[in-house]
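The values are calculated or read from the model by the stated rules, or taken from the named source; none is laboratory data. Given the structure is predicted, the values throughout are model-derived calculations rather than measurements. Cβ placement follows ideal geometry from the backbone for every residue including glycine, while neighbour counts extend to all protein chains displayed.
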């Protein structure tokens with residue numbers, strides 16, 4: 001079903017809207033949430049809360065990019081759950097991906113704080129716009145969707161090691177780009 005049709009179901013207050021959202025984006029959203037909270041039960045709870053949040057915000061909103069809208073809600077709720085459960089002993093995908101990016105943000109900068117700064121977001125978006133489609137997809141799958149190296153490799157037909165190496169090179173490019181833009185690395 002097309003996104004506009006799913007959104008229309010929300011506007012009609014049809015419960016089928018949630019079912020269609022789950023059919024179309026459930027797997028992606030569960031993967032995103034699991035990469036952050038690293039617990040199946042918590043992830044399912046986040047997904048249920050996310051569907052409720054989408055239900056409560058449509059209407060009045062009519063998002064232009066429904067997939068991004070849904071993923072943003074899932075990610076934000078997953079991050080809230082992650083913060084709540086931060087006492088986990090084992091690092092989840094989200095923590096690992098943040099550690100990888102911390103080196104690019106500059107000495108002493110917490111990436112959680114830096115990402116909120118509007119200027120840095122614009123600089124990173126410009127950087128992403130200069131990457132090839134494939135490299136941009138790999139970067140976003142790792143650092144926005146918190147995908148594992150195995151998942152990224154499978155989706156792109158490359159090995160885990162190749163995915164890791166490519167991400168390492170992209171991070172180095174980002175580090176140089178940020179330095180060129182005046183960020184202390």
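Of the helices (runs of 4 or more DSSP H) lying entirely inside segment 114-185, those carrying at least 3 residues that are touching a helix residue (DSSP H, G or I) at 6+ places or on another chain (Cβ under 8 Å), farther than 24 Å from residue 37 by Cα and modelled with pLDDT of 95 or more are 160-180. Look at residue 77 and say whether it is in contact with a helix residue (DSSP H, G or I) (Cβ under 8 Å, 6 or more places away or on another chain) and without any contact (Cβ under 8 Å) to a residue 60 or more places away in the chain. Answer is yes for this residue. Of the helices (runs of 4 or more DSSP H) contained entirely in segment 35-112, those carrying at least 1 residues that are buried (at least 16 other Cβ atoms within 10 Å of the Cβ), on the phi < 0 side of the Ramachandran plot and modelled with pLDDT of 90 or more fall at 40-57, 66-84.
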